[in-house]
Amino acid sequence: MWYLAAVVVLASCGRQTEQVVHVAVAANCTEAAKEIARIFEQQEGTRAVLSFGSTGQLFTQITQDAPFEVFLAADQETPRKAVTAGFGLTDSVFTYAVGKVVLFSTTLDFTNGEAVLREGTFEKIAIANPSTAPYGAAAMEIMKSLALNAHLARKIVQGNNITQTFQFVETGNAELGFVASSQVLGRDPKSVWIVPQPLYSPIRQDAVLLKKGSENKAALAFISFLKSPDTIKIIERYGYVGTP
Amino acid sequence: MFVSGEVGSAIRLTLLLASITTIVLLLISTPLAWWLARSRRPWKEAIATVVALPLVLPPTVLGFYLLLALGPNGPGGWVAGFFGRRSLAFTFIGLVIGSVFYSMPFVVQPIRNAFEAIGERPLEVAATLRANPWDTFWSVAMPLARPGLITGAVLGFAHTVGEFGVVLMIGGNIPGQTKVLSIAIYDYVESSEWSQAHILSAGMLVFSFAVILSVTLLEKRLRRPAA
């Protein structure tokens, strides 16, 4: 009995002293961040605990004292806002990836993606919520550049974040949707239309060290790991443009 | 009070969804509750348990299955085919279907309790007066079960107004079609538009208070003469 109690106490102590960093991750980066966290733990012996959500949603949580130490956003504006509002460290902001928007479908042929979009013979097109998800805002920008926004407005369904948007398309409930290129790796190229860059401004995704993590060595280690060649390789493998 | 177009449409949509859901639920739940109250079949409690499941299940479970069921590969997609559509997800009808499952226990339970509380006696008396079962049901059981029916209707309505998780998963956030109040509030909070969120949330607080209080008072008043 004593032995058991000792084990329990020791185990809980162990958990408390274990080096951990809490990272808020924009949903588009889910898969890449998991991989980064895995390699990070292998190399540094430190665990990165990841929480996913839309950029806006995570920001709201940060303003309400969420226990996040590093924030990987899907835009530049939100980390800047975090700094202005006093939650992030001014000099810590940097771009960790540049994202690409793609149009994706499990049923349609996107050999000529723009034409499919213009014809508009589909029922529902999924985008992420433009007011909280930068990829959703980019999707709106693309439709505007093509002068299709009024035409497609009635067909738009919104995912709560880019992961849910992808799932709407994946389950076939929407025939097509604007998602992140990192979500369609290894898909049939015909099912993906890589939206040409002039149609939207590049999605520069910034990271910021939050005040809660400023004293945590693990958080500092994670930030510098994010800038390492290893990470950039992972970022690029997941369909982003890395920024050395 | 300032009500922008978007807020107004969310309120209208929510009230419409709750009203239609309540009507559908009363039509389904009344015979079901009657059967649950009167049947002697041993497996009826299994059916009652299935009806009660949404009380315990996370809305995400219901939302997940509904998403698949309403989609092009599920029965919902098959039904949607008759209207020339692919999926019932992201439609008002889809929300009604989801809400009916989600709120059903809140309607079935009070009605069943009311039917059970009547007991055998009044029904036997009606039978000796040569009322057929149909007559007995309408002129004896239904009037006696009125408090349960009203409670069930109010709770079903209120619970549908308060629905969130299921709608988040199958709604697609379409203004005027699937963007109900709870989703609009969530949206405002997530995009840091807190003044709008405050207005709607305070409204919901008042509404919920009024609903629960009126159910309690109603039950008291309706029960008194019988006691």
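The values are calculated or read from the model by the stated rules, or taken from the named source; none is laboratory data. These figures come from a predicted structure and were not determined experimentally. Ideal geometry is used to build each Cβ from the backbone, glycine not excepted, and the neighbour counts take in all protein chains shown.
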The residue that is nearest to A:LYS233 (Cα to Cα), considering only those in the range A:15-57 that are outside any helix (DSSP H, G or I) and modelled with pLDDT under 90, is A:GLN19
Picked from the range B:188-205 (must be assigned to a helix (DSSP H, G or I) and among the small types (Gly, Ala, Ser)), the residue surrounded by the fewest Cβ atoms within 10 Å (Cβ to Cβ) is B:SER195
Considering residues that are over 24 Å from A:ALA138 (Cα atoms) and in contact (Cβ under 8 Å) with a residue 24 or more places away in the chain, the number found within the range A:71-93 is 5
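Do you know which residues across the range B:151-187 are part of a loop (DSSP other than H, G, I, E, B), within 13 Å of chain A (Cβ to nearest Cβ), under 16 Å from B:PRO59 (Cα atoms) and not small (Gly, Ala, Ser)?
B:PHE164
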Across the range B:124-138, the tally of residues that are surrounded by 18 or more Cβ atoms within 10 Å (Cβ to Cβ) and free of Cβ contacts under 8 Å to residues at least 60 places away in the same chain stands at 2
> Does the range B:83-93 contain at least one residue that is more than 14 Å from chain A (Cβ to nearest Cβ) and part of a helix (DSSP H, G or I)?
Replying inline: no
Counted residues in the range A:194-242 being over 30 Å from A:ASN112 (Cα atoms) and of a type in the set (S, T, N, Q) come to 5
Scanning the range A:204-240 for residues that are buried (at least 18 other Cβ atoms within 10 Å of the Cβ) and either without any contact (Cβ under 8 Å) to a residue 12 or more places away in the chain or of a type in the set (Val, Ile, Thr) (or both) gives A:VAL208, A:ILE223, A:THR231, A:ILE232, A:ILE234, A:ILE235
Counted residues in the range A:58-79 being assigned to a helix (DSSP H, G or I) and either within 14 Å of chain B (Cβ to nearest Cβ) or farther than 17 Å from A:ILE223 by Cα (or both) come to 8
Restricting the range B:26-46 to residues that are free of Cβ contacts under 8 Å to residues at least 12 places away in the same chain and of a type in the set (A, V, I, L, M), the one surrounded by the most Cβ atoms within 10 Å (Cβ to Cβ) turns out to be B:LEU27
How many residues of the range A:127-144 are surrounded by 24 or more Cβ atoms within 10 Å (Cβ to Cβ) and away from chain B (no Cβ under 13 Å)? The answer is 3
Looking at this structure, is A:THR78 exposed (fewer than 15 other Cβ atoms within 10 Å of the Cβ), more than 19 Å from A:ILE36 (Cα to Cα) and modelled with pLDDT of 95 or more?
-> no
Counting only residues in the range A:167-178 that are within 21 Å of the chain's Cα centre (by Cα) and surrounded by fewer than 24 Cβ atoms within 10 Å (Cβ to Cβ), the one nearest to the other protein chains (Cβ to nearest Cβ) is identified as A:THR171
If you go through B:PHE101, B:PHE64, the only one that is hydrophobic (A, V, I, L, M, F, W, C), touching a residue at least 40 places away in the same chain (Cβ under 8 Å), farther than 21 Å from B:PHE157 by Cα and outside any loop (DSSP other than H, G, I, E, B) is B:PHE64
The residue from A:ALA153, A:ALA115, A:ALA147 that alone is of a type outside the set (D, E, K, R), within 12 Å of chain B (Cβ to nearest Cβ), more than 30 Å from A:THR231 (Cα to Cα) and more than 22 Å from the chain's Cα centre (by Cα) is A:ALA153
Practice prompt. Test A:VAL169 against the criterion of being assigned to a strand (DSSP E or B) and out of contact with any Asp or Glu (no Cβ under 7 Å at 6 or more places or on another chain), and give yes or no.
Written response: no
